[in-house]
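Peer 1: Before anything else, here's the structure in question.
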Amino acid sequence: MKTLFSLISGVLFGAGLTIGGMTDPARVRGFLDLFGDWDPTLAFVMGGALVVMAIAWRVVPGMARPILADGFHVPTKNELTPKLIGGAVLFGVGWGIAGLCPGPGIAALAIQPAAAAIFVVSMLVGMALLRLIEGKS
């Protein structure tokens, strides 16, 4: 049952990213081009996500446990560290250059496999390099 709901959630998430235009690198770069030919379309996608998360953050504390899990996995850290800020900057630069981030990059594999595969492989190599640098397995 959990696997079925995971599959349905993943397909719904991928479809939402695709319909919302998040898998189109040109649209993403247009959204990030604040001082040029700015495309505000993705602001509505992000606004919709913000509304859903605002509701979720209000509902979750009142629940004893998730419907399909033993417990919630809520972040406990809230400090801004140089590592977090550096990672956010690196993520933003990568997003601006590629026009994709991890979720849309994986969803784009179904639409434009060649271009998305370059991004996904690069992302996986970067993740592996981080594990090597930090000494994690």
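The values are calculated or read from the model by the stated rules, or taken from the named source; none is laboratory data. Note that the structure is predicted; figures quoted are calculated from it, not measured. Positions of Cβ are generated from backbone atoms using ideal geometry, with glycine treated the same way; all protein chains shown enter the neighbour counts.
Peer 1: The conditions are (1) of a type outside the set (Asp, Glu); (2) assigned to a helix (DSSP H, G or I); (3) within 19 Å of Ala15 (Cα to Cα); (4) at pLDDT below 90, and Pro61 fails exactly one of them. Which is it?
Peer 2: Of (1) of a type outside the set (Asp, Glu); (2) assigned to a helix (DSSP H, G or I); (3) within 19 Å of Ala15 (Cα to Cα); (4) at pLDDT below 90, only one is false for Pro61: (3).
Peer 1: Residue check, Phe35 against (1) modelled with pLDDT of 90 or more; (2) assigned to a helix (DSSP H, G or I), all met but one. Which one?
Peer 2: Evaluating Phe35 over (1) modelled with pLDDT of 90 or more; (2) assigned to a helix (DSSP H, G or I) leaves (2) as the failure.
Peer 1: Let me ask you something else. State all residues of the range 102-137 that are in a loop (DSSP other than H, G, I, E, B) and either in contact (Cβ under 8 Å) with a residue 12 or more places away in the chain or farther than 24 Å from Lys83 by Cα (or both); if no residue qualifies, say none.
Peer 2: Leu109, Ala110, Ile111, Gln112
Peer 1: Might you check whether a residue that is surrounded by 11 or more Cβ atoms within 10 Å (Cβ to Cβ) and over 30 Å from Lys2 (Cβ atoms) occurs anywhere in the range 62-84?
Peer 2: yes
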